[in-house]
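Worksheet: one structure, shown below.
The values are calculated or read from the model by the stated rules, or taken from the named source; none is laboratory data. Everything numeric here is computed off the predicted structure, so don't read it as measured data. With ideal geometry, Cβ positions are generated from the backbone for all residues, glycine too; neighbour counts draw on all protein chains shown.
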């Protein structure tokens, strides 16, 4: 039980307060921490789901960062091409 509560505290510490899903995550943590589950498997499932959610958010942010980097390169190439055309004109 102590390990579970430590895991919840670690997850809660990583939540940024103004993120879109912060309220949902905090509600799940409050629900999990406030319950005295007799079935320890339920506690484990909640921790697993919270970790999966966190991982999905991190993956989405990584994908967005990669897409942004690609878009920046494409934009810079387009600006260079337009500058070259303008110089030729």
List the number of the failed condition for residue 45; all other conditions in (1) modelled with pLDDT of 80 or more; (2) over 13 Å from residue 7 (Cα atoms) hold.
-> (2)
Expected output for region 17-35 (first residue under 16 Å from residue 49 (Cβ atoms), partner in a helix (DSSP H, G or I) and modelled with pLDDT of 75 or more, Cβ below 6 Å, 6+ apart or cross-chain) is 32/46
Kindly check whether there is at least one residue in region 71-84 that is within 20 Å of residue 13 (Cα to Cα) and in a helix (DSSP H, G or I).
-> no
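Residues in region 23-35: is at least one farther than 20 Å from residue 5 by Cβ and either in a helix (DSSP H, G or I) or at pLDDT below 85 (or both)?
Yes, because at least one residue in region 23-35 is farther than 20 Å from residue 5 by Cβ and either in a helix (DSSP H, G or I) or at pLDDT below 85 (or both).
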